[in-house]
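As structure tokens, the structure follows; a few thoughts come after it.
The values are calculated or read from the model by the stated rules, or taken from the named source; none is laboratory data. Just so we're clear, the structure is a prediction, and the values are computed from it rather than from any experiment. When we count neighbours, we look across all protein chains shown, and the Cβ atoms used for this are built from the backbone with ideal geometry, even at glycine.
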Amino acid sequence: MEIYEVHLEDLPFFSFHGLFPEERILGNSYRMSVSVSKQVSQEIKDDISKTMDYGMIYQICAQVMAEPVDLLETVCQQVAEKIQIQYPDYLSIEISLRKEHPPLGMAGGRSMVRWTVRNE
């Protein structure tokens with residue numbers, strides 16, 4: 001069995017996610033990474049229709065990041081659900097979403113959520 005993966009790493013976004021009112025007003029910087037794997041069922045031989053389009057995966061991420069929600073977990077879940085619809089033959093989807101300046105009352109640090117879905 002051959003397995004093929006597409007990775008998008010450290011995608012920058014500025015969005016308005018969060019539970020606190022100031023997060024919805026001021027926004028925050030985020031970094032998202034996404035990995036999608038699937039089994040290769042036939043030779044690819046320069047045929048893009050047999051691949052996963054990382055441009056489409058990016059568009060899914062950007063669309064979800066544009067709609068504010070309370071939790072980073074919700075963002076990851078929505079991205080995973082849209083990727084599952086686009087690529088139903090996936091083996092696994094892994095998403096990590098990092099908030100660069102969480103309102104934790106400290107001078108530095110980041111918060112991050114990782115979401116993994118396996119097609120069993």
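Please go through region 103-116 and give me each residue that is surrounded by fewer than 16 Cβ atoms within 10 Å (Cβ to Cβ) and modelled with pLDDT of 95 or more, ordered by number.
ARG114, THR116
Report whether or not ALA66 is in contact (Cβ under 8 Å) with a residue 40 or more places away in the chain, under 22 Å from SER15 (Cβ atoms) and surrounded by fewer than 12 Cβ atoms within 10 Å (Cβ to Cβ).
yes
If I filter region 1-51 down to residues being under 28 Å from GLU120 (Cβ atoms) and basic (Lys, Arg), which single residue comes out as nearest to the chain's Cα centre (by Cα)?
LYS38
So that you can scan it fast, the table gives a plain yes or no per residue for (1) surrounded by 14 or more Cβ atoms within 10 Å (Cβ to Cβ); (2) touching a residue at least 24 places away in the same chain (Cβ under 8 Å):
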position	(1), (2)
GLN78	yes, no
LYS82	yes, no
ILE93	yes, yes
LEU97	yes, yes
HIS101	yes, yes
ARG118	no, yes
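Within region 1-60, restricting attention to residues that are touching a helix residue (DSSP H, G or I) at 6+ places or on another chain (Cβ under 9 Å) and small (Gly, Ala, Ser), which residue is farthest from GLN78 (Cα to Cα)?
SER41
What pairs come out if I take residues in region 1-27 that are touching a residue at least 24 places away in the same chain (Cβ under 8 Å) and part of a loop (DSSP other than H, G, I, E, B) and pair them with residues that are surrounded by 12 or more Cβ atoms within 10 Å (Cβ to Cβ) and among the acidic types (Asp, Glu) whose C-beta lies under 8 Å away, six or more apart or interchain?
From residues that are touching a residue at least 24 places away in the same chain (Cβ under 8 Å) and part of a loop (DSSP other than H, G, I, E, B), the pairs are PHE16/GLU23; HIS17/GLU23; HIS17/ASP70; GLY18/ASP70; LEU19/ASP70.
Is it the case that some residue within region 108-118 is out of contact with any Gly (no Cβ under 8 Å at 6 or more places or on another chain) and in a helix (DSSP H, G or I)?
Checked against the condition, which is being out of contact with any Gly (no Cβ under 8 Å at 6 or more places or on another chain) and in a helix (DSSP H, G or I), region 108-118 yields no hits at all.
Kindly check whether there is at least one residue in region 28-50 that is assigned to a helix (DSSP H, G or I), of a type in the set (D, E, K, R) and at pLDDT 95 or above.
No - not one qualifying residue is present in region 28-50.
Any residue in region 75-86 that is more than 15 Å from VAL113 (Cβ to Cβ), outside any helix (DSSP H, G or I) and either under 18 Å from the mean Cα position of the chain (by Cα) or among the aromatic types (Phe, Trp, Tyr) (or both)?
Within region 75-86, none of the residues are more than 15 Å from VAL113 (Cβ to Cβ), outside any helix (DSSP H, G or I) and either under 18 Å from the mean Cα position of the chain (by Cα) or among the aromatic types (Phe, Trp, Tyr) (or both).
Within region 1-54, work out how many residues are of a type in the set (Val, Ile, Thr) and exposed (fewer than 12 other Cβ atoms within 10 Å of the Cβ).
Adding up the residues that qualify gives 3.
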